[in-house]
Amino acid sequence: MRAITRRLRTLTEQRPRVLTYGATALALVVVAGLWTLFRLSTPEAPLLYWLSPVVCACAILGGPGPGLVATALGLAIAWLIVPDGGGAQLAFAASGLAVSLVGYLVRRERRRDHRMDLALAEREAHLGSIYDTAPDGLIVIDEIGVIRSFSAGAERIFGWSAAETLGRNVSMLMPAPDRGSHDGYLGRYLKTGERRIIGVGRIVVGERKDGSTFPMELAIGEIRSERGRAFTGFVRDITERQAAQARLQELQAELVHMSRLTAMGEMASALAHELNQPLGAIANYLSGARRLMDRPGDNPDRIAEALEKAAAQAMRAGEIIRRLRDFLSRGEGERRVVSIQKLTQEACALALVGAKESGVRVQYNFDPAVDGVLADRLPVQQVILNLVRNALDAMDGAVRRELLVTTAHSSDGMTMVSVADTGAGVAPGTKLFEPFVSTKTDGMGVGLSISRTIVEAHGGRIWTEPNPGGGAIFRFTVPLAPVGEPVEAGP
Amino acid sequence: MSETMVHIVDDDAAMRDSLAFLLSAEGLASRLYEGGAALLARVGELEPGCVITDIRMPGMNGMELISQLRQQGVAHPIIVLTGHADVPLAVQAMKAGVVDFLEKPFDDVVLLRALRTALTQGQSEAARLSQSAEVGALAALLTKRERQVFEAIASGDSNKTAAIKLGISPRTVEIYRANVMEKMKAHTLSDLVRMSMMLNDANA
């Protein structure tokens, strides 16, 4: 049973070939029949003359097999009907062979084309499925920033459909300030060829259709073709990863705080013990002196001596405190020339995770003229992170929630970073930057005092002033990098 | 008291010198030692009186000195000076037979009172016993919770530790502590510790 079906199947698969040969024979027979029927023979057009177009057609359309079969069959038919004319038959056979050869070549070429078409279609299908199922978004733009392709992944990430984005400028997918500057970035690249992001990849902020923003990893590739340049962007939403990282960083920061607190606690204990010696001695000298003064008798020398000794002990106490300050200012990290904009953006990206969801509007304004600063990256980022987190905390529950982060020239020739919020503001006279002073219910009063230590270790200042529109502005300064120093790209 | 000698042990020269000056202003004679070893070297020839010693000292610390003195039969009353956060150690010292402990820097009045108590102590066992009975009577007035707080504090617990042990808030401990001090007519923590020891002796 199975054998029969297999036979049938092979037969059906061979059907085209059977048909071709059948059609070849049929065409020859029909032409020969017509020739005989209508007595078409003339000395100029013998039977073979009429059969040669059929041979040609068979060879070209059917390939070498049908061509050769047609030649042989034609010779046989001609011999049957008009058994003479050896010279013409030889010519017919030769031309039939030649035409069959041509048919073979044509057929081979056609087969090769067909195979290539198949391979292309297959590859296209592969790419298409990759394109549609990749979790990352794929966006292709042309050299003026117009979106040419928008993958299913990109649709998922941004909330826009491909139909809504095709033909529009890619800047629609980014928040300010990139939205306004993207065309400029592209233009600069086309003009200078200087790569800032292409082939490097970077973490940037994207904006969804609903206006919310999210951190994303962006890798950009460039395609150069005869029709001009295009850029492929691979986008990965890293909100979750970054939230985890932020949590980690928060924990780390907490750890640093705690270890610093522990160290401070130990130091405070040691310091208390050490300070108690001179303080105790001072108390003893002075109490003794007072007792002597209460007594009748001539003791001025003894009293003077005791007072002098008390003064010396006071100096000793001062010396202990000076040693402590030296200790605190130790442990400087490595200063490098870094971009304050990049450093700030990174810190903000971390600090702002989840902020958009709570309805905070964030704006940046960076002055490129003061971008290169001489700083220890992580501690300065910690300062910014502290300030931005504080600003967000301060605006929790406020009606207007706007955060403005700027860099600018300070009056004393440094770079000034400002974090302005529209929260409740700071009550005048609050000693915010002192250790263990907190205006938050669950605050430890450590963040700002550590921020101050960090900023002052850099030779800068940190202060707060009221925001004219309500809220507070926290500002700090970092030294500008010496002119001509290359800015480090960072990790 | 002029025939008695105050033996001062402290590793800090200024502390020793200033103490001696303060005592001399009150007419008290003193002898200075820069460490426990120096005092122990003179065990056989110690003038009668009392010992004032620091707890934190390099070499031999105050606690070691106390136990050495007691082992060698020196019965001088001992006053301990402590730095910050040494209270549990001071309580331990009280249990080792120290009459008082003071936190540096201390009020001269408190020191002199402690000294006088120390110098007159040990003369009347009868007085001590009657005092013990009196303390027992006072302690009987404490509520159960006050008694718990009293015991915790007298064993060297901080307010916070006591709060955790008793399952109440540190604030509540503070209130109970104040009540205990008042009911027991205690002025200082060392009074409480001493009373607690008396009660334990009486019960034993």
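The values are calculated or read from the model by the stated rules, or taken from the named source; none is laboratory data. Worth saying up front: this structure is predicted, and the values here are computed from it rather than measured. As a convention, Cβ positions derive from the backbone with ideal geometry for all residues, glycine included, and neighbour counts pool all protein chains shown.
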What do you reckon, is B:Arg31 within 14 Å of another protein chain (Cβ to nearest Cβ) and modelled with pLDDT of 90 or more? no
Residue match in the stretch B:63-72 (condition: among the acidic types (Asp, Glu) and either more than 12 Å from chain A (Cβ to nearest Cβ) or within 20 Å of the chain's Cα centre (by Cα) (or both)): yes
In this structure, is A:Ala134 surrounded by 14 or more Cβ atoms within 10 Å (Cβ to Cβ) and within 24 Å of A:Ala347 (Cβ to Cβ)? no
With a cut-off of at least 1 residues that are in contact with a Gly (Cβ under 6 Å, 6 or more places away or on another chain), name the strands (runs of 3 or more DSSP E) lying wholly within the stretch A:149-244. A:213-225, A:228-237
Answer residue from the stretch B:95-110, given it is surrounded by 23 or more Cβ atoms within 10 Å (Cβ to Cβ) and under 12 Å from the mean Cα position of the chain (by Cα) and is farthest from the other protein chains (Cβ to nearest Cβ) among those: B:Val98
For A:Val204, indicate whether it is more than 12 Å from chain B (Cβ to nearest Cβ), within 24 Å of A:Gln381 (Cα to Cα) and modelled with pLDDT of 80 or more. yes
Among the helices (runs of 4 or more DSSP H) lying completely within the stretch B:144-198, list those that include at least 1 residues that are in contact (Cβ under 8 Å) with a residue 24 or more places away in the chain. B:144-154, B:170-183
Look at B:Arg16 and say whether it is within 25 Å of A:Leu286 (Cα to Cα), within 14 Å of another protein chain (Cβ to nearest Cβ) and either out of contact with any strand residue (DSSP E or B) (no Cβ under 7 Å at 6 or more places or on another chain) or hydrophobic (A, V, I, L, M, F, W, C) (or both). no
